[in-house]
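The structure appears right after this line, and notes come after that.
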Amino acid sequence: MGKPNTRRQDREILLVQRKIEAVRRQEWWPLTGSERRQIMTALAGGSLKVARGKSPARAERKLDAVTQSVMKRLASELSALENERQRIVNAAAAAKAARRSSGWW
C-alpha cells in the first residue's frame, strides 16, 4: 500500500484557502446568498446615511461583522477538512503498522 488517498481533501483544502484569500480581498464569489444579502443591506443603508449627511458607522460595523462571520465559517470549514485529512493519514498508518506486525518477519 502506498500513500493514503487524500487527494479529494487536499483539493477541498486548497479551495477553502482560496476562498479565505478572496474574502480578504473583499471579493464576493465565496459568499453564500444570505451573506451577500446582508452585505448589500449594509451597503445600501450606509450609502443612504452618507447621502443624508449622517455617519455610516452602524453600516460599517455590520459589514465588519458579516466579514468576520464569513472568515469564521471558512476557518472552521478549513479546520474540519484538515482534521479529516489527518484522520485518513492516521488510519492508513495504523493499517500499515497492523499489516507489518501481523507477519513473523
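The values are calculated or read from the model by the stated rules, or taken from the named source; none is laboratory data. What you are looking at is a predicted structure, and each value in this text was computed from that prediction instead of being measured. Here the Cβ is made from the backbone with ideal geometry for all residues, glycine too, and neighbour counts use every protein chain on show. These area figures cover heavy atoms from the full protein model, side chains too; ligands, DNA and RNA do not enter into them. Shrake-Rupley method; radii C 1.70, N 1.55, O 1.52, S 1.80 Å.
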Does the range 66-79 contain at least one residue that is assigned to a helix (DSSP H, G or I), out of contact with any helix residue (DSSP H, G or I) (no Cβ under 9 Å at 6 or more places or on another chain), closer than 28 Å to GLU35 by Cα and open to solvent by less than 60 Å² (accessible area, probe 1.4 Å)?
-> yes
Pairs returned, first residue in the range 11-30 that is free of Cβ contacts under 8 Å to residues at least 40 places away in the same chain, second residue that is of a type in the set (A, V, I, L, M) and part of a helix (DSSP H, G or I), beta-carbon separation under 7 angstrom, 6 or more apart or interchain, are TRP29/ALA22
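Taking the range 1-13, which residues are open to solvent by less than 80 Å² (accessible area, probe 1.4 Å), of a type in the set (S, T, N, Q) and not in a helix (DSSP H, G or I)? Before the answer, list the steps.
Our first condition is that a residue be open to solvent by less than 80 Å² (accessible area, probe 1.4 Å); within the range 1-13, this holds for 2, 4, 6, 9-10, 12-13.
So of that shortlist, the ones also of a type in the set (S, T, N, Q) come out as 6, 9.
If the condition is that a residue be open to solvent by less than 80 Å² (accessible area, probe 1.4 Å), of a type in the set (S, T, N, Q) and not in a helix (DSSP H, G or I), then THR6 is the only one that fits.
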Quick count over the range 14-48, residues being outside any helix (DSSP H, G or I) and exposed (fewer than 14 other Cβ atoms within 10 Å of the Cβ), is 6
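Working only within the range 49-65, note down all residues that are over 30 Å from VAL16 (Cα atoms) and either in a helix (DSSP H, G or I) or touching a helix residue (DSSP H, G or I) at 6+ places or on another chain (Cβ under 8 Å) (or both).
To start, the set of residues in the range 49-65 that are over 30 Å from VAL16 (Cα atoms) comprises 49-57.
Across the range 49-65, the qualifying residues are LYS49, VAL50, ALA51, SER55, PRO56, ALA57.
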Of all residues in the range 80-92, which are within 25 Å of ARG36 (Cβ to Cβ) and either among the β-branched types (Val, Ile, Thr) or outside any helix (DSSP H, G or I) (or both)?
-> none
